[in-house]
Every structure is written in structure tokens, then in C-alpha cells.
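K.L.:
Take a look at this one; I'll ask things after.
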Amino acid sequence: MDSAEQKSTGQRRRTSARASVTIRDVARHAGVSVATVSRALRGSDLVHPATRERVDAAIEELRFTPSQLGRSLAERRHAANGIVFPDLSGPFYAEVVLGYEEVAATLGRSVLILSTHNRESAGDMVLDLAGRVDGLAVFGRTVHDDVVAEIVQRGVPVVLMARTEIEGADSVRTENVVAATSVVDHLLADGHRRMAFLGDPVDSTDVAERWAGFRGALAQAGVDVPERAIPAGFKEDDGARVAAALIADGLPDVVVCANDELALGLTVALAEEGIEVPGEVAVTGWDDVMAARYAGLTTVRQPMREMGARAAQMLDARISGDRSEPRHDVLTTQLVVRRSCGPHSKEAHR
């Protein structure tokens, strides 16, 4: 190998080594927190001179090249936040986005929104976005855990919404199991016994928890527990598609739906077949979107806009270095009883 080739090989090795070093490696090497490294990168007066020297030495020794996060902090400018959804259609996601953007705007941060639509390239899309923002919010199971873990390892702050915890990332979600139990207890009190659950626990952490609460409450009451949930997406069309099959199989007393859009789609399709709700079958939803209120749908109200706002606040705290340890918030939910699940419901609050 001639000298030119040796020089080129050496340069590639040094570049590879630099690319593999993260802000966490610098913090570990300097014996400080990630937040302290972030403050040092942006020249904060809160960092003691001796500590700054240790951080600078670690950066030099490890040949650390700051990511987009590090550059934006060092240059004292705000890059955009990224927010990732599996889809953007429907009122639920709109409420979450509104809550997020309201807070981000007050903090002077712009927001880049990515909708993956279950594409095979979703992981690459999210990794690319993570390289162009100062922090990332990820909703649900849009990408595999290893993609999130890689982004965290790069030193990019991450907050998860409606998803189980992943090491190093913040998370905010709503309570599901207790609320699902409340739904079933109310239905049992109304005299319902044969219940079906509409939704796919495999594709959603939220739905998995609602299904678990549903099954647990039925088992606790000594009532027959369905062997499986009826698989469906989250849209009105998904609810409408299962109506014929439910009628053919013999309607249960009640169908507990994983979200309001499913419940509304199912209710309309049943009505088109001459099936009255709640006269012949009761229906419940989840979320309490505006249409649910006008339709008289019994549902579980969850703070959709607050979830987005909380995610933006948590991400800002990590980006600014105000907090270095992950935080996990669970927001409360509330059963809202309306006329769609039985005679007692007509007397309940709207």
C-alpha cells in the first residue's frame, strides 16, 4: 500500500471513529452528565470553568463531532423539533398535534411533522429526520425499538407518546387499564354480559392495554371472556367493515371499540342494516372526539391535546439541558357515559 492509500485509509478510520462517538460517550469520559455537555457546547455560564475544560478535553480526545443537536446548541440557535406519527388523518392526531405546536410556538421552536403510513422505509425516514432536528417526539409503534434506541444513542433527545418506555427516552401516555375496567363495570351494571372488543392489540400499546383491562374486568366478574379481539384499524371504514360479520355471527350485547372512529363507523353501518344502537346492541368508544359528543357515544375521554403539550414541554427540558434523567408521565382518563350503551345511560351526564 502506497502512502496515498495509507493516508486515505487513516482518514476513513478517523471519520468512522468520530461518527461512532456520541454526546453520551463524551459525558461518560468527562465524568459529567449529558446535560452538562449540552450546556458546555452552547457556552452556558452555568458550567464551571474546570468542568468545561474536562468536557473540552473529552471532545478532543474522543474526536467528537457534534450532531445537529450539538451544533445548534453551540451556535445558540434553535433547530426544529421533529414529531413522528403513523398517520395524520382523523381528529385524534389533529388534537395531539395542536397541543404540541401550541407549546412549541411559545418556546420559539418550529415543528417538522413526519407521517410514516406504515412504509417499509419508516425506520430510515425517522433516522434521517433525527439528524435534522434538535429533538424528536415519536407517537405509538411507528418504528421498532432499535430505531429509537439508535437515536437516543446519538444523543438526540426523544420523547415517546402512547408507547411503552424505552431506556434513555422520555415518555407520556394515557391510562388505559383502569379506564377499560370502568367501562366493563358500567356495562355489567347495565345488565350486559356478552361483550366483544373491536381493535388490534398487536399494532398499538394503547389498544393492548385496553384489551387487557377489558379481559381482566370480565374475568374478575366471572363473565365469559372473548378468546380474541376483533382485529380492526382506527378509522370509521374499519368499523363499518365488521358490521356484517358481527350480524352474521350473532350480535353480542355490546361492542367495546378501541377508539371513537371505529365506534362511529360501526354504529352507522349497523343502522344501515336496521340494527338499533343501543336498542339491539350497545356500542362504546375511546378518546371523546367532538363527533362522539353529538352522536351520544359512551366513551373514555383522554387528554389528547394535553398529551401533545406535555411531550413538547418534556422535549424542551431535555434539549435545553434543564433535565438529564428520563421522565415518564401517565395522564388520567375518564369514563363519559352517554346513551349508546343502554337505558341507564340515557339518564347519565352528556
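K.L.:
Criterion first (surrounded by 23 or more Cβ atoms within 10 Å (Cβ to Cβ) and without any contact (Cβ under 8 Å) to a residue 40 or more places away in the chain) does Thr284 satisfy it?
P.N.:
no
K.L.:
Follow-up. Condition (residue is on the phi > 0 side of the Ramachandran plot and touching a Phe, Trp or Tyr at 6+ places or on another chain (Cβ under 8 Å)) applied to the stretch 176-188: is it met by at least one residue?
P.N.:
no
K.L.:
For Thr36, all conditions in the list (1) at pLDDT 75 or above; (2) on the phi > 0 side of the Ramachandran plot hold save one; what is the number of the exception?
P.N.:
Only one criterion in (1) at pLDDT 75 or above; (2) on the phi > 0 side of the Ramachandran plot is unmet by Thr36, namely (2).
K.L.:
Hey, another quick one. Determine, yes or no, whether Asp316 is under 21 Å from the mean Cα position of the chain (by Cα), of a type in the set (D, E, K, R) and closer than 28 Å to Arg39 by Cα.
P.N.:
Taking the combined requirement at face value, the residue satisfies it.
Yes or no, residue by residue, for (1) at pLDDT below 95; (2) surrounded by fewer than 24 Cβ atoms within 10 Å (Cβ to Cβ); (3) closer than 19 Å to Asp185 by Cα; (4) in contact with a His (Cβ under 8 Å, 6 or more places away or on another chain):
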site	(1), (2), (3), (4)
Leu266	no, no, no, no
Ala309	no, yes, no, no
His328	no, yes, no, no
Cys341	yes, no, yes, yes
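K.L.:
Another one. Are there helices (runs of 4 or more DSSP H) fully within the stretch 197-283 with at least 2 residues that are in contact with a strand residue (DSSP E or B) (Cβ under 9 Å, 6 or more places away or on another chain) and among the hydrophobic types (A, V, I, L, M, F, W, C)? List them.
P.N.:
Correct list: 205-221, 243-249, 260-272.
K.L.:
Give the residue that is farthest from Leu335 (Cα to Cα), with candidates limited to residues of the stretch 159-177 that are aliphatic (A, V, I, L, M) and in contact (Cβ under 8 Å) with a residue 60 or more places away in the chain.
P.N.:
Checking each candidate, the answer is Ala169.
K.L.:
Another one. Condition first: assigned to a loop (DSSP other than H, G, I, E, B), modelled with pLDDT under 90 and acidic (Asp, Glu). Can you find one or more residues in the stretch 159-179 that meet it?
P.N.:
no
K.L.:
Also: Tally time: how many residues in the stretch 287-307 are touching a residue at least 40 places away in the same chain (Cβ under 8 Å) and under 16 Å from Thr332 (Cβ atoms)?
P.N.:
9
The values are calculated or read from the model by the stated rules, or taken from the named source; none is laboratory data. The structure displayed is predicted, hence computed values, not measured ones. Cβ: placed from backbone, ideal geometry, glycine included. Neighbour counts: every protein chain shown.
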